[in-house]
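**Student:** This is the structure I want to talk about, given as structure tokens.
What follows draws every value from the coordinates through simple rules; no lab data is involved. Because the structure is predicted, anything quoted here is derived from the model rather than measured. Using ideal geometry, Cβ is built from the backbone for each residue, glycine included, and neighbour counts are taken over all protein chains shown.
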Amino acid sequence: MRNCDLGPLSDGGVAVVIGGGPAGVATALALQQGARALGRNLRTIVVEGKQFAGEQHHNQCVGVLSPPVMDLFQTDLGIPFPRHLIRDTITGYVLHTPRRQIILDGQAEPSVTLRRIQFDAYMLEVVRECGIEILQARVTDLEFHADRVVIYNESAPLEADVVVGAFGLDEGTAVIFERAVGYRPPPVLSSVVTKYHPGEAGMAGFGGRIHAFLPASPRIEFGAVTPKGNHLTINIAGSAVDASLMDAFLAFPEVRRTLPCLENAGRFNPRDLRYFKGHFPCGLARNFTGDRFVIVGDAAGLVRAFKGKGVTSALTTGIRAADVILHQGISAAAFWAYHTANSDIMRDMPYGQMMRRLTILAARFNLLEPVLQAAEIDAGLRRALFDAVSAHRPYREVIHEGLSLASVRAIAAALATCAHGPMSR
Ligand SMILES: Cc1cc2nc3c(=O)[nH]c(=O)nc-3n(C[C@H](O)[C@H](O)[C@H](O)COP(=O)(O)OP(=O)(O)OC[C@H]3O[C@@H](n4cnc5c(N)ncnc54)[C@H](O)[C@@H]3O)c2cc1C
């Protein structure tokens, strides 16, 4: 029998983390290091169903890691950022509407791109080197008792004082938590991802900027083409995007202009232009904390509501969950401190959702063209667009900046004059 006490995890306590993605490994590392600093000896076990090493599994993530990701590694997790895995440094963004484009180069610390499968393999290896146990198996069921949680999996069952759900958007695991504790997964946007290798000259011609697209199509909310060293990753997102919408996206004139060498796709690499499907959370999960459990990362829906930074948010929420487990406790009441700690993300969600709705409406009625035209002369609006696309600042600030009197005036002037203006920078 384990301890019925739901206070901070004490000496000899056991935490089981379900999922070895960024949220799970951040929780495990922060637990291990925090416990050591407090002089406590904990047992932390990460249960991960996939085999990251050897690149046997695909991960849909585009692998753009945004600030403060390096700080989180060095300061909060005390581990080196895997600079050797960096494929590109993002020098800026090009935002496209059907007839216009604008270059958005900010002053902020740049984002970097890497391959997610290699990043996950690195993180799990660090976890192993830190002495944290890793069980390669899928969790199949959970039982919550007054004094413990039983975690059934494809290997031998485990018992823990507290369970951390870091299972991303895995629908099967969501059902397990739903049945056991009444958890409800977050609402999601779907995405289709593909890549292609345009060759050295094609990559050099493409440059170091991410091209982001806001098409007029009501079914594609946004698309992006991201340089990744020797290839380009292309993704689209919307409430129900599929392979035929990716075909349509690749045929849009503004996308063809950006990818002049698309005709060569497949000549270089037989893996080019295969489509993969995935999901992003676009709202909060429900019942994501309770007695003896806390849910982190995508599974909690604790990410920006519209675009970007999923990995950075996953690491952040994992670190915050570990802090509560070590300092506040593992009861439903103690985990309110986790809600408070994540209020920055939660408070920004309505603004992200508002931005999403405004963008969809504006794209549908061709109102984004004047916004881009106005941004060419209005530095505040240009900065707001950069911050929205790069995910460098909260949406609350982006909307505030984008709706300043000067910006609204510039948009109104552009609306009056530009309906069919020429392509700009
Ligand atoms: C198309 C696409 C592109 C994206 N691009 C970016 C990007 O460029 N930059 C960025 O920051 N974010 C990006 N994201 C978001 C990012 O991938 C996620 O926000 C991030 O991976 C969330 O981390 P996580 O640890 O919460 O979940 P995940 O990374 O999904 O990890 C969950 C882990 O749990 C494991 N698991 C699930 N169920 C079980 C079980 N029952 N037993 C054992 N293990 C289990 C899974 O195998 C998985 O490894 C993208 C997402 C998509 C869909």
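**Student:** As I understand it, the value is the acute angle between the Cα axis of helix 310-327 and the longest principal axis of the Cα atoms of the chain; what does it come to in degrees, rounded to 10?
**Tutor:** Its long axis makes an angle of about 30 degrees.
**Student:** Return the tail of the calculated pair distribution for the chain, meaning the percent of Cα-Cα pairs more than 40 Å apart.
**Tutor:** 20 percent
**Student:** Give, to the nearest whole percent, the P(r) tail of the stretch 188-280 beyond 24 angstrom, counting all Cα pairs.
**Tutor:** The share of Cα pairs beyond 24 Å in the stretch 188-280 comes to 15 percent.
**Student:** Using only Cα atoms, what is the ratio of the radius of gyration of the stretch 102-203 to 2.2 N^0.38 Å?
**Tutor:** Scaled against compact globular proteins, the figure is 1.56.
**Student:** Further, regarding this structure: Helix-only mean residue ellipticity at 222 nm, the chain, DSSP H runs n ≥ 4 weighted -39,500 (n - 2.57), per residue, nearest 500. What is it?
**Tutor:** My calculation for the chain gives -11000 deg cm²/dmol from helical runs alone.
**Student:** Further question: With N set to the residue count of the stretch 125-268, report its C-alpha Rg divided by 2.2 N^0.38 Å to two decimal places.
**Tutor:** 1.49
**Student:** Work from the charge dipole of the chain (Cβ charges, +1 for Lys and Arg, -1 for Asp and Glu, about the Cα centre) and give the residue of Ile210, Leu405, Ala37 farthest towards its positive end.
**Tutor:** Looking along the dipole axis, the top candidate is Leu405.
**Student:** If I take R0 = 51 Å and measure r between the Cβ atoms of Gln60 and Thr417 in this structure, what FRET efficiency does the formula 1/(1 + (r/R0)^6) give, to the nearest 0.05?
**Tutor:** After rounding, the FRET efficiency stands at 0.80.
**Student:** Of Lys228/Lys309; Lys50/Lys195; Lys50/Lys309, which sit over 20 Å apart, Cα to Cα?
**Tutor:** Lys50/Lys195; Lys50/Lys309
**Student:** With point charges of +1 on the Cβ of Lys and Arg and -1 on the Cβ of Asp and Glu, referenced to the Cα centre of the chain, which listed residue (Gln107, Thr359, Gly229) lies farthest in the positive direction of the dipole?
**Tutor:** The residue sitting most towards the positive pole is Thr359.
**Student:** Take every Cα pair under 8 Å in the chain that's 6+ residues apart, average their separations, divide by the length, and report that relative contact order as a whole percent.
**Tutor:** With pairs under 8 Å counted, the relative contact order is 21 percent.
**Student:** So for the pair His400, Glu133, with labels modelled 7 Å out along Cα→Cβ, what separation do we get in nm?
**Tutor:** Result for the modelled spin labels: 4.8 nm.
**Student:** Contour minus end-to-end for Tyr275 and Thr75, with contour as 0.36 nm per residue of separation and end-to-end as the Cα-Cα distance?
**Tutor:** 68.3 nm
**Student:** Using alpha carbon centroids, what distance separates the stretch 41-112 and the stretch 202-264, in Å?
**Tutor:** Measuring centre to centre over Cα atoms gives 19 Å.
**Student:** Once R0 is set to 25 Å, what does the formula 1/(1 + (r/R0)^6) return for the Cβ-Cβ distance between Arg40 and Glu159, expressed as a FRET efficiency to the nearest 0.05?
**Tutor:** Computed FRET efficiency for Arg40 and Glu159 comes out at 0.85.
**Student:** On to the next question. What does the extension gain come out to for Ala108 and Ser190, with contour length at 0.36 nm per residue minus their alpha carbon separation?
**Tutor:** The span from Ala108 to Ser190 would gain 26.6 nm if fully extended.
**Student:** While we're here: Determine the shape class of the stretch 217-265: with a ≥ b ≥ c the square roots of the Cα gyration tensor eigenvalues, call it rounded for a/c under 1.5, and otherwise prolate if a/b is greater than b/c, oblate otherwise.
**Tutor:** prolate
**Student:** Computed on alpha carbon atoms, what radius of gyration and Dmax characterise the stretch 38-193, expressed in Å?
**Tutor:** 19.4, 62
**Student:** Considering only C-alpha atoms, what is the centroid distance from the stretch 146-191 to the stretch 364-391, in Å?
**Tutor:** 41 Å
**Student:** Let me ask you something else. For Gln51 and Phe144, FRET efficiency with R0 = 22 Å and r from the beta-carbon atoms, rounded to 0.05?
**Tutor:** In this case the efficiency is close to 0.15.
**Student:** Could you work out the relative contact order of the stretch 188-280, using alpha carbon pairs under 8 angstrom and six or more residues apart, expressed as a whole percent?
**Tutor:** For the stretch 188-280, the relative contact order is 43 percent.
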